[in-house]
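The values are calculated or read from the model by the stated rules, or taken from the named source; none is laboratory data. Every value quoted in this text rests on a predicted model; they were computed, and no experiment measured them. Here Cβ is always computed from backbone atoms with ideal geometry, including for glycine, and neighbour counts include all displayed protein chains.
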Amino acid sequence: MLQRAGFCLLDAADDVTPGMRVSDVPSGVCIHWTALGGRSEQNGAHVPGGHSESIVRAAVLAVLTGHGLCVLSSGAAGDVIVLPPDQVRFRT
């Protein structure tokens, strides 16, 4: 879906080359970014909205939510977890 929308995805095992990766997690997929300075640039230094990553993140979120997927933040690194619609359960 992201590739059809024009996003370039890199090999999930490569955490050095700057770019966006998608890896499987038990409930869906995790989308994570490697900054220009490598993964170490993001550790403890993630500032939401502080650089071009926030623009890419907003575009990715728009594509995913536009297709009916649930997108959750996974922590300070700015990664997101994407759940398919059948995995989302609301409790009242």
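In the range 57-68, the residues that are exposed (fewer than 12 other Cβ atoms within 10 Å of the Cβ) reach residues that are part of a helix (DSSP H, G or I) and of a type outside the set (A, V, I, L, M, F, W, C) with C-beta atoms within less than 6 angstrom, at least six apart or across chains, in these pairs: GLY68/PRO85.
When you scan the range 23-92 for strands (runs of 3 or more DSSP E) that lie fully inside it, which ones turn up with 2 or more residues that are at pLDDT below 85, closer than 15 Å to PHE7 by Cα and within 11 Å of the chain's Cα centre (by Cα)? So that I can check it myself, show each step before the final result.
On the way: elements: 28-34, 70-73, 80-83.
Here the list reads 28-34.
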